[in-house]
1. Considering each of Val244, Val211 in turn, give the residue that is buried (at least 24 other Cβ atoms within 10 Å of the Cβ), modelled with pLDDT of 95 or more and away from ligand 1 (no atom under 15 Å from the Cβ).
2. Can you tell me which residue within the stretch 229-277, out of those that are away from ligand 2 (no atom under 16 Å from the Cβ) and among the polar types (S, T, N, Q), is farthest from Ala323 (Cα to Cα)?
3. Return the only residue of Gly39, Gly84 being in the same structural domain as Ala196 (by TED's automatic domain parsing), more than 16 Å from ligand 2 (Cβ to nearest atom), part of a strand (DSSP E or B) and in contact (Cβ under 8 Å) with a residue 40 or more places away in the chain.
4. Do we have Ser62 as crowded, with 18+ Cβ neighbours inside 10 Å and either at pLDDT below 95 or under 18 Å from the mean Cα position of the chain (by Cα) (or both) here?
5. Which of (1) free of Cβ contacts under 8 Å to residues at least 24 places away in the same chain; (2) at positive phi does Gly362 not meet, given it meets every other one?
6. Can you tell me which residues in the stretch 322-367 are more than 16 Å from ligand 1 (Cβ to nearest atom), more than 19 Å from Gly229 (Cα to Cα) and not in a strand (DSSP E or B)?
7. Determine whether the stretch 103-110 contains at least one residue that is away from ligand 1 (no atom under 16 Å from the Cβ), among the aliphatic types (A, V, I, L, M), over 22 Å from Leu176 (Cα atoms) and modelled with pLDDT of 95 or more.
8. Is at least one residue of the stretch 154-170 assigned by TED's automatic domain parsing to the domain that holds Asp129, part of a strand (DSSP E or B) and among the aromatic types (Phe, Trp, Tyr)?
Amino acid sequence: MMDSKDIVVGLDIGTVNVTAVIGECDTDRNGEPVLKVVGVGNAPSDGIRNGVIINKESASASIVQAVEDAVNMSGRDVEDVVCGISGEHVKGLNSFGVVSKRKGEKPEITEQNMQAAMHSAGGIAEVPDRATFFVMPIEYKVNNQGGIKNPLNMFGNRLEVKAHIITASTSAMKNLKNCIERSEYGIQSMVPITLADCKSVLIPEEEKTGVMVIDIGGGTTEVGIQMNGATYFTGVVPIGGRYVTNDIAAVLKLSGEIAEKIKVNRGACHESLVDPKDTIEIPLISGTFGDRSISRLKVCEIAKARMWEIFSKVKRAVEDANAMQYVNSGIVLTGGGALLPGVSEVAEEVFKIPVRIGNPIGFTVDIEKDGKKIDGEIYKNPKYSGAIGLAQVGLDMRVRAQMARRKPDIGMGSRDDMPSESGDGVLKNVGKWLWGKTKSFMKDF
Ligand SMILES: Nc1ncnc2c1ncn2[C@@H]1O[C@H](COP(=O)(O)OP(=O)(O)OP(=O)(O)O)[C@@H](O)[C@H]1O
Ligand SMILES: [Mg+2]
């Protein structure tokens, strides 16, 4: 068990919001480790567009503000963070790797053989400014016998792996790393945001049967498909909730600020939720068009058109990758954009399968404000899924690393492969211990 004084920090650097969650290790009813949230901080995002840093100074200031907010709330110091990777530059694909035993090697499949197979799966053709950052096994074949989840210690001289690999722009990753370091935080790990979302919003049954998680952010919509503990699809559509706001502003000739208020306070994107007689009064603000009322149904039609486009693009990307076959239990929508009433109805019309809204789950909250415990329910909100999921992944990694240190025979890596807990050189091993299976190539970056 992780030492209770160890803290983990999830840092979701979005286009609209930067959110930091500080957590400790708690135990659930069964004695299993669970995240205890002790501080949450938010800052408006500046210098970040669609997951990519476009201005280091501004981005760094937003990061510091969010983390320091969480530090002040929790009274804990932060050393390193688990940072989300998102944006259009993040791409997932399924790949194959193979290794054959050399003469004189022991006959059982070793951890080194598994790592070598994953390395081979991750070795896609070199493309300028793009590298493989994560390789997650889907299944193995030993001497042509397929469907094997864990081949460790099986007899065989040829090992194949089918793996989901995630590639990203090397310059975007370097800028992100540099920006966090500039903020004077270390990096425990960098994790694709879709994996963090899956960690925080899914129930075990969905994860087992097969599910699609769609994180509707401000600038992008990130998609992950998981089944039976493996990732089959990672994708991004470069449109998010901000486009809904922009459309409302453009069509109704409103400022972006008013359009956002209308969307958040009175908006909906499915006609079944709107009385056609409903109107929205636009307040008189100097420099705008003055007092007038607009039809709520009109706002809804504008929002629906954009949400429909987002879901149609997600559907096309998933179908193109032939990955709809894994989505057996339905779709879970999360991210701030999932707060718009009617999103699940629109998604159901597009995909024609069950859709639900996913709030983060599987954590406790222990925060005092003005001498009173705050109600942790406020964090069971889709806009916190990424940051809470990142903290949960960070906790998993620490717990696994500590268990492996005590029992060297569990997991896949050797003791030397474990992520450094000291904060120095952490990028050498980032991600390797994500659910004990992922191979990370971050050390090459
Ligand atoms: N109550 C609400 N109703 C409708 N939309 C909302 C609501 N609250 C937030 N949003 C929308 O959620 C979006 C921001 O979501 P989120 O914080 O998940 O984005 P982000 O992570 O910063 O962006 P990205 O993931 O694209 O980088 C904005 O477009 C905002 O308008
Ligand atoms: Mg986001």
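1. Details: Val244 fails: away from ligand 1 (no atom under 15 Å from the Cβ).
Exactly one residue qualifies, and that residue is Val211.
2. Ser255
3. On the way: Gly84 fails: more than 16 Å from ligand 2 (Cβ to nearest atom).
One residue alone meets the criteria, Gly39.
4. Numbers: crowded, with 18+ Cβ neighbours inside 10 Å: yes; either at pLDDT below 95 or under 18 Å from the mean Cα position of the chain (by Cα) (or both): no.
It is false that Ser62 is crowded, with 18+ Cβ neighbours inside 10 Å and either at pLDDT below 95 or under 18 Å from the mean Cα position of the chain (by Cα) (or both).
5. Evaluating Gly362 over (1) free of Cβ contacts under 8 Å to residues at least 24 places away in the same chain; (2) at positive phi leaves (1) as the failure.
6. Glu348, Glu349, Val350, Phe351, Lys352, Ile353, Pro354, Asp366, Ile367
7. Initially, the stretch 103-110 is screened for residues away from ligand 1 (no atom under 16 Å from the Cβ), giving 103-110.
If we keep only those that are among the aliphatic types (A, V, I, L, M) as well, we get 109.
Those left that are additionally over 22 Å from Leu176 (Cα atoms): 109.
Now restrict to residues that are modelled with pLDDT of 95 or more: 109.
Within the stretch 103-110, one or more residues are away from ligand 1 (no atom under 16 Å from the Cβ), among the aliphatic types (A, V, I, L, M), over 22 Å from Leu176 (Cα atoms) and modelled with pLDDT of 95 or more.
8. yes
The values are calculated or read from the model by the stated rules, or taken from the named source; none is laboratory data. Note that this is a predicted model, so its numbers are computed, not measured. For neighbour counting, all protein chains shown are included, and Cβ atoms are generated from backbone atoms with ideal geometry for every residue, glycine included.
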